[in-house]
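These notes are about the structure you will find just below.
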Amino acid sequence: MPHRRHLKRVVRQAGSLSVWRTRIAFWIGAALVGLAASALALASSWADARFHLWVKALPGLPLILTPLGLVAITWATRRLFPGGEGSGIPQAIAALQLAEHANRRAVLSLRIAVGKGIAIVLGLLCGASIGREGPTVHIAASIMYSLRGLANFPIHHVRKGLILAGGAAGLAAAFNTPLAGVMFAIEEMARTYEDRITGSLMIAVILAGMTALTIQGNYTYFGSYGVAMEPLQALGAVLACGVVGGLLGGLFSTLLIRGGRRLKPFRNSHPYLVAGACGLAVALIGLAAGGATWGSGYEAARGVLQGTTEAAPLYAPMKLLATLFSYLSGIPGGIFAPSLSVGAGIGYSLSALFPTTPMVAIGLLGMVGYFTGVVQTPVTAVIIVMEMTDDQRLLLPLMATALMAEAASRMVCHQPIYRALAQDFLVGNASRRGNSGRPSG
């Protein structure tokens, strides 16, 4: 009997115009996410390369362009698309917990999606140490959530399906890592996972990924590496990358969370002074690092893994600080790509302790260790690195490194960074509503 009732329900839904309208709207949204992610990826790569070309011609340019650029982006964010600051993942997580549609609309809208994408490109054009991947999650969630008026989406799909599937599809399209997109939605964005949204989430990831692949081609984010490690050979590297990466990642998260909280009152009253000071700090760090810390860090990490670039001894801590100041400035920008770059630098520095271990392997372990230390999502970190490098032979060392890094990170940072930032946003949103009597962006 239960099977017969289920079959009748399936048949009824198959012939329902409302159901098909909802599905088509959802599929269109997923394709739009792939288009948006591809456009942002191409524009971001152009902006990153263009800034470095400018610096080659005018070495002192960052001392002027970076501070003024961050001030201008901060002004645009506050005036034109408030709610678009930072990586956007905390806003997407907070949107799942906001009870009222007006509050969710204040952080998930097409206006924010367009403004955030432009701001990311401008930030890279000014030399900020930011990534596009986290913002792509915010942009994707905004696009999917904006579809609520095109079809009769039930509240379940609005609050869970649309936002979660948008976030997963965004990460999948940004990194070309579909499994990581699904896992990130489960491990980070949602505290609980419901089986009823599995199909919608998977379809969104597949459609967004196919759209991105059609535009950008079938690529691996950091290239393919045929590398393996013997268990005993891996033990020391796993221990070092797990502990060092986890502690440094936890330190970065702690500095960002606590620094942001302490800086917030002053930033609210003097936002452009803070943006300018942070921009100057980013410029000075970049000059001291020979330009290596400007931009997302993608090229630096890829060069280290491929053996075409040697990382400076202090590259990792300098990139960490450049990313910290870029985030604290208040401009839109993510920490995914910069974190992977810092992790590659950590692996490069630690490789001197293990001369018989392939440098690529230690670089990948360093990436997993630091990335896990920052976001405290070990499964997502392992899947991202495996999918980005098209290699599963390091699965066990990567898993061991991630678990060790998570434990080390929690000793320094007791709450995952995105959960903490989302909670700060919810508290700030409640405070603004209490002061103004209406929702604020």
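Data for the structure
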{"item": "Which numbered condition residue 330 misses (of (1) modelled with pLDDT of 90 or more; (2) out of contact with any Asp or Glu (no Cβ under 7 Å at 6 or more places or on another chain))", "result": "(2)"}
{"item": "Count of region 324-375 residues which are in contact (Cβ under 8 Å) with a residue 60 or more places away in the chain and part of a loop (DSSP other than H, G, I, E, B)", "result": "9"}
{"item": "Region 78-98, residues that are charged (D, E, K, R) and touching a residue at least 60 places away in the same chain (Cβ under 8 Å)", "result": "78, 85"}
{"item": "The lone exception for residue 405 - which of (1) part of a loop (DSSP other than H, G, I, E, B); (2) in contact with a Phe, Trp or Tyr (Cβ under 8 Å, 6 or more places away or on another chain); (3) modelled with pLDDT of 85 or more; (4) of a type outside the set (Lys, Arg) it fails", "result": "(1)"}
{"item": "Answer from 248, 273 - the residue that is surrounded by 19 or more Cβ atoms within 10 Å (Cβ to Cβ), at negative phi and in a helix (DSSP H, G or I)", "result": "248"}
{"item": "Helices (runs of 4 or more DSSP H) wholly inside region 1-96 that include at least 2 residues being in contact with a Phe, Trp or Tyr (Cβ under 9 Å, 6 or more places away or on another chain) and modelled with pLDDT of 90 or more", "result": "17-57, 62-80"}
{"item": "Condition check for residue 235: assigned by TED's automatic domain parsing to the domain that holds residue 410, free of Cβ contacts under 8 Å to residues at least 40 places away in the same chain and within 22 Å of residue 411 (Cβ to Cβ)", "result": "yes"}
{"item": "Filter result for residue 73 (among the β-branched types (Val, Ile, Thr) and either touching a Lys or Arg at 6+ places or on another chain (Cβ under 6 Å) or within 24 Å of residue 30 (Cα to Cα) (or both))", "result": "no"}
{"item": "Whichever residue in region 296-311 is without any contact (Cβ under 8 Å) to a residue 24 or more places away in the chain and part of a loop (DSSP other than H, G, I, E, B) and, among such residues, is nearest to residue 344 (Cα to Cα)", "result": "309"}
{"item": "Among (1) surrounded by fewer than 24 Cβ atoms within 10 Å (Cβ to Cβ); (2) within 22 Å of residue 174 (Cα to Cα); (3) hydrophobic (A, V, I, L, M, F, W, C) - the single one residue 384 does not satisfy", "result": "(1)"}
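The values are calculated or read from the model by the stated rules, or taken from the named source; none is laboratory data. Predicted model, so just to flag it, every value in this text is computed and none were measured. With ideal geometry, Cβ positions are generated from the backbone for all residues, glycine too; neighbour counts draw on all protein chains shown.
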